[in-house]
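The next block holds one structure in the form of structure tokens; read it before the comments.
The values are calculated or read from the model by the stated rules, or taken from the named source; none is laboratory data. What you are looking at is a predicted structure, and each value in this text was computed from that prediction instead of being measured. All Cβ positions, glycine included, derive from the backbone under ideal geometry; neighbour counts span all protein chains shown. Keep in mind that these areas ignore ligands, DNA and RNA; they rest on the heavy atoms of the full protein, side chains included. Shrake-Rupley method; radii C 1.70, N 1.55, O 1.52, S 1.80 Å.
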Amino acid sequence: ALTTSGVAHDPDVSPDGTAVAFTDEMCTDPVLTITELGAGHATEVIDAGVPLHHPRWTADGREIVAADAGALVCGGDVSDPHDDDTVVVIDVATGGRRALAPGTAPEPSPVGGVVAFVEGFDVVVVDLDTGEELHRHPRTRGEPRNGLVWSPDGRMVAWWERWHPPGETTLNDALVGLDVETGEVDVLDQRILAGGEAVGALVAWTPSEMLW
């Protein structure tokens, strides 16, 4: 086991496959833990100070991008616990951190340079170094399902959206892809379900194609 006490959240394996990062004790003693696979114990603990969630390694393994949830997940108004999250970048070597932009559920590109995340009802792509906003797609149709997923070449980020057309009883699921080079957004697949709750689909990539 990689943990012996506490509660681990959101594990993510480093690009070289040698370590795993996860958040631990999100509210009472928030830390970001990095464990070498094979060591069997925590090899680095970064005092987060505030609750972090959804840690994700950058492509070069030098930084971890996460969402800073502040105090919202630990009390207070939790009607939307991640509405006021901030995307932060943490230096693995020093533990230093910098705020990147308002948002949650960050997913760095597998080839580096940019990170995608959700802000309110928008999907946003920003420069990882400068925080400059490169693309913003207003998700007018509804909420994302099961997070953002990058293609292996870093060309496209995809997600499922769900919405309820006005005056209709159907649920609509759409698989949406954003081309980060052109900024174009395409509906790759769509499902219309009459009544009831639709089952949110997952997205995965092989080196050459998308699976859903």
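Please count how many residues of region 104-123 are at pLDDT below 95 and farther than 20 Å from F22 by Cβ.
Selection size over region 104-123: 6.
Per-residue answers, yes or no, for (1) farther than 14 Å from V149 by Cα; (2) hydrophobic (A, V, I, L, M, F, W, C); (3) open to solvent by 30 Å² or more (accessible area, probe 1.4 Å); (4) modelled with pLDDT of 85 or more:
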position: V176; (1), (2), (3), (4): no, yes, no, yes
position: A194; (1), (2), (3), (4): yes, yes, yes, no
position: A201; (1), (2), (3), (4): no, yes, no, no
position: L211; (1), (2), (3), (4): no, yes, yes, no
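Only one of (1) under 20 Å from V124 (Cβ atoms); (2) at pLDDT below 75 is not met by G49, so which one is it?
So the condition that G49 fails would be (1).
Since V78 meets every condition but one in (1) at pLDDT below 85; (2) more than 27 Å from D122 (Cα to Cα), which condition does it not meet?
Every listed condition holds for V78 apart from (2).
Can you tell me which residue is most open to solvent (accessible area, probe 1.4 Å) among those in region 100-133 that are in a loop (DSSP other than H, G, I, E, B) and of a type in the set (S, T, N, Q)?
Going through the qualifying residues, I end up with T130.
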